[in-house]
């Protein structure tokens, strides 16, 4: 599975290589944005009197959970940690594909778990940008495609694409899944989707996007009857939950509870499933500024999704809509990170600003300034950045 | 060739479907300790109890002046690990009877602080079966004993639950100091 994903991704690199200026553009966007993130993080750590090395300065919150998996695997029982003085968590909430990929780099090279996680994160981001450019180039003008790539590379939460978090591989597998589904390369799309659901549980939302694209390509009747080559699309749909169920089977073997990744949420607060709109309203009206920020990010995600849907991109529009409503059904935490790193949000932004170059420049400048502030806050351990 | 590919796809879809169905079945049937079930799945315990801590052995004593691992998340005041006062109808204690030794008797020491002439009633249920009740009408400590009928059913998770229901004066409660289960 991994080799097919790598082969198909490298095919896209080869394809973009044929147009030298496109490759140069994506490479520039990647390197300049990553240098910006790392240099800003270093400067904040240095000028605020921090004594951590740069990799550790960029390793906050969930990064430490991923490191426990990369370095020692999944816990067999809850642990006692000073970060959770009133509860007993375990690392089962964190999906395995990102730490597994990091381990695949760390083990043969002898690299530390943290450094290997950064390699996975940054390489994934690079390949994701290539796929995003190819994807956008097929649907929009070259200018818009370039703006979408720049907007996500310098977006306020783009530092997560260089952190030891799942945002980059999640971005790569999601754009890969949708790109190849649109190209009718359904088996490859299905494998990207399986990798997506092994990276984060919310990846299953891509099932509905696949369904929309498959119905568009084959028609509902042909799809049901497996006619006209639609069996590949149905197989791709069946492949979507493979990563999630693979993890379920592992947890059942390791912990005795296939749903341990859900049940362990009890250690992060005993929230039950609720109405996401009510949770969003409460975050907006009852919580401090960070709650309003989270709710605002969610609203932005839903609006972007609705806009894409209305413009004929229902498959892409569903992702921020479901990607907002499902987490909000539990709690608003980390909403801004979940929503504002989803590529369809930036596709919507690109479409909204079509032929408005001044506005685009203004947005990019604003993004760079906000991103710099957020990087500082993230390095400084401010909760609203996660 | 296309026909062969189509048949291969159908077989793969069926295999994946079976795999997912088995996954759903496993999800509905966790094979975990009572401590895990109570803390993570049912979210009834305040803190994780290491396997073994909830085990029932005849004569097991709970001292409520120190944190009691067996105590339910709700129904106890103050709402932290040293809660000693029973509240309403949700105060529960859990024991793991994995060894299949059925508890026979429960002894407890409790009291309440009430205005003169008022009473507070305590009902005790073992695995949802009523085993006795007592009225409190003064602040002195009382030592009580209840017999647990041998006919009690135990759930599939080998859980033995003692539930305390307090009815009567609003704004006050029964304070427990010690409980022994034989």
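Every number here is computed from the coordinates shown, using simple stated rules; none is lab data. Since the structure is predicted, the reported quantities are computational estimates derived from the model, not experimental observations. Here Cβ is always computed from backbone atoms with ideal geometry, including for glycine, and neighbour counts include all displayed protein chains.
Given a Förster distance of 35 angstrom, what is the FRET efficiency for residue A:31 paired with residue A:268, based on the Cβ-Cβ distance and rounded to 0.05?
0.45
Select from B:153, B:84, B:161 the residue whose mean-square fluctuation is largest in a Gaussian network model of chain B (Cα-Cα springs shorter than 10 Å).
B:153
Rounded, prolate or oblate: pick one for the range A:253-322, where a ≥ b ≥ c are the square roots of the eigenvalues of its C-alpha gyration tensor, a/c under 1.5 means rounded, and failing that, prolate if a/b is larger than b/c, else oblate.
oblate
Over the range A:308-386, consider all pairs of different Cα atoms and compute the Kirkwood hydrodynamic radius from their mean reciprocal separation; express it in Å, one decimal.
14.2 Å
Could you check which residue among A:191, A:242, A:27 shows the biggest mean-square fluctuation in a GNM of chain A with a 10 Å Cα cutoff?
A:27
Ranked highest first by average number of other Cβ atoms within 10 Å, how do A:151-158, B:141-148 line up?
Result, highest mean first: A:151-158, B:141-148.
Under the definition of partner shielding as Cβ atoms of other protein chains within 10 Å of a residue Cβ, what is the mean value for peptide A:242-251?
What the average comes to for A:242-251 is 3.
Rounded to the nearest 10 degrees, what's the angle between the helix B:2-28 long axis and the longest principal axis of chain B, both from Cα atoms, 0 to 90?
10 degrees
What's the center-to-center distance, using Cα atoms, between the range A:172-233 and the range A:355-370 in Å?
What the calculation gives is 33 Å, centre to centre.
Within a 10 angstrom radius of each residue's Cβ in B:35-47, how many Cβ atoms of other chains show up on average? Whole number is fine.
Average neighbour count from other chains, rounded to a whole number: 5.
Under the rule a/c < 1.5 gives rounded, and otherwise a/b versus b/c splits prolate from oblate, where does the range A:195-336 land using the Cα gyration tensor?
Taking the square roots of the gyration eigenvalues as a ≥ b ≥ c, the range A:195-336 is oblate.
Any chance you could check the Cα centroid distance between the range B:34-83 and the range A:1-78 for me, in angstrom?
43 Å
For chain A, what does the helix formula give at 222 nm: sum of -39500 (n - 2.57) over DSSP H segments with n ≥ 4, over the residue count, nearest 500 deg cm²/dmol?
Result for chain A: -22500 deg cm²/dmol, rounded to the nearest 500.
Let me know the shape class of chain A, please: from the alpha-carbon gyration tensor, a ≥ b ≥ c as square roots of the eigenvalues, rounded when a/c is under 1.5, otherwise prolate if a/b is greater than b/c, or oblate.
Since a/c stays below 1.5, the shape of chain A is classed as rounded.
Round to the nearest 0.05 the FRET efficiency obtained for residue A:46 and residue B:25 when R0 = 51 Å and r is the Cβ-Cβ distance.
Efficiency for this residue pair is about 0.40.
Tell me the label-point distance for the pair residue A:112, residue B:133, using the 7 Å Cα-to-Cβ offset, in nm and rounded to one decimal.
With each label placed 7 Å out from Cα toward Cβ, I get 6.5 nm.
Can you compute the radius of gyration and Dmax for the range B:33-181, using only the Cα atoms, both in Å?
Rg and Dmax of the range B:33-181, Cα atoms, are 14.8, 46 Å.
To the nearest µm²/s, what D does Stokes-Einstein give for the range A:50-156 at 20 °C and 1.002 mPa s, using the Kirkwood radius over alpha carbon pairs as Rh?
The diffusion coefficient I find is 132 µm²/s.
For B:48, A:186, what ranking results if the residue with the fewest other Cβ atoms within 10 Å of its Cβ goes first?
Lowest to highest Cβ neighbour count: B:48, A:186.
Normalised by the residues of chain B, what does the relative contact order come to in percent, with Cα pairs under 8 Å and at least six apart?
So the answer I get is 25 percent.
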